[in-house]
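FYI, it's all coordinate maths here, none of it is from the lab. For clarity, every value in this text was computed on a predicted model and none was experimentally measured. Every residue, glycine among them, receives a Cβ derived from its backbone with ideal geometry; neighbour counts consider all protein chains shown.
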Amino acid sequence: MRENLFEMGASWGDDAWSSDNRKKEKKKSTPIKDISKHKLKIRKERRRGKDVTIIEEFYLAPEVLKDILKEFKKKLGVGGTIKENITIEFQGDIQEQIKPLLRKKGFII
């Protein structure tokens, strides 16, 4: 017999009930590496008519990555965000301005 792809109703478990019978996926944890062992990739994309600079493959603790993002945003005067704890996205085309800052921190580009 085939497995049910669709389920309806609630499940009454241990002490609570849940209307979602699907199993939740666990988030993948990224390994933490020394800054000198990072090989970052920088690229530019165009989204909705605006440039976005993307720096990929950070393997740092989330707190350290937040501090780096905050420092770079302040120095460059741009907005930015962290995606999936391994990517930083900055507003605008700032590839040439960000490279010296990353090298000064000890990253390999």
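Data overview
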quantity	calculated
Count of region 99-109 residues which are in a loop (DSSP other than H, G, I, E, B) and not hydrophobic (A, V, I, L, M, F, W, C)	1
Neighbours by Cβ (under 6 Å, 6+ apart or cross-chain): first from region 76-96, within 16 Å of Glu45 (Cα to Cα); second among the hydroxyl-bearing types (Ser, Thr, Tyr) and surrounded by fewer than 15 Cβ atoms within 10 Å (Cβ to Cβ)	Glu89/Thr81
All positions within region 85-98 that are surrounded by 15 or more Cβ atoms within 10 Å (Cβ to Cβ) and assigned to a helix (DSSP H, G or I)	Gln95, Gln97, Ile98
